[in-house]
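What follows is one structure encoded as structure tokens, with my remarks underneath.
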Amino acid sequence: MTERHETEERVAGGPLGKLAGEAKEALGSALGKEELAREGRLQKVQADEEAEAARRAEEVAETEAEAELAAERTETEAERRELEADLARDAAEEAIERESERAKREADERAREASAAETVADAVDPEEGR
């Protein structure tokens, strides 16, 4: 094994890892131990990269959430338009039905009036209807 592999260790990430890296780098530089200083620099870079990766993952999650929300809004809007169309169709059908019922009542009333007029005419002159 080389000396480098013997001194490798798992480095801590995050803010503490960065702080530990800075401390290792400073201590290594002060003591003239280039390997320790190098390890500290690598640990700082790793901590920075992990923070950047976490930030990007958070941005991706936020973008995905926004896209999902936009899709839900689009779906909700489509459902709203469909319900409005259904309501308009129902209202039109009800209006047609009311108009049909009104026309039927008027026709029935005219038929009754005509029948009543014929009955009166027959009562006045029973021979004329024949």
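The values are calculated or read from the model by the stated rules, or taken from the named source; none is laboratory data. It should be emphasised that the depicted structure is a prediction, and the values quoted were computed from it without experimental measurement. So basically every Cβ, Gly included, is an ideal-geometry build from the backbone, and we count neighbours across all protein chains shown.
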Report every pair of residues separated by at least 6 positions or lying on different chains whose Cβ atoms are under 9 Å apart, first residue within segment 6-27 and β-branched (Val, Ile, Thr) and in a loop (DSSP other than H, G, I, E, B), second modelled with pLDDT of 85 or more and surrounded by fewer than 11 Cβ atoms within 10 Å (Cβ to Cβ). none
Among the residues that make up segment 66-74, is at least one of them of a type in the set (D, E, K, R), touching a Gly at 6+ places or on another chain (Cβ under 6 Å) and part of a helix (DSSP H, G or I)? no
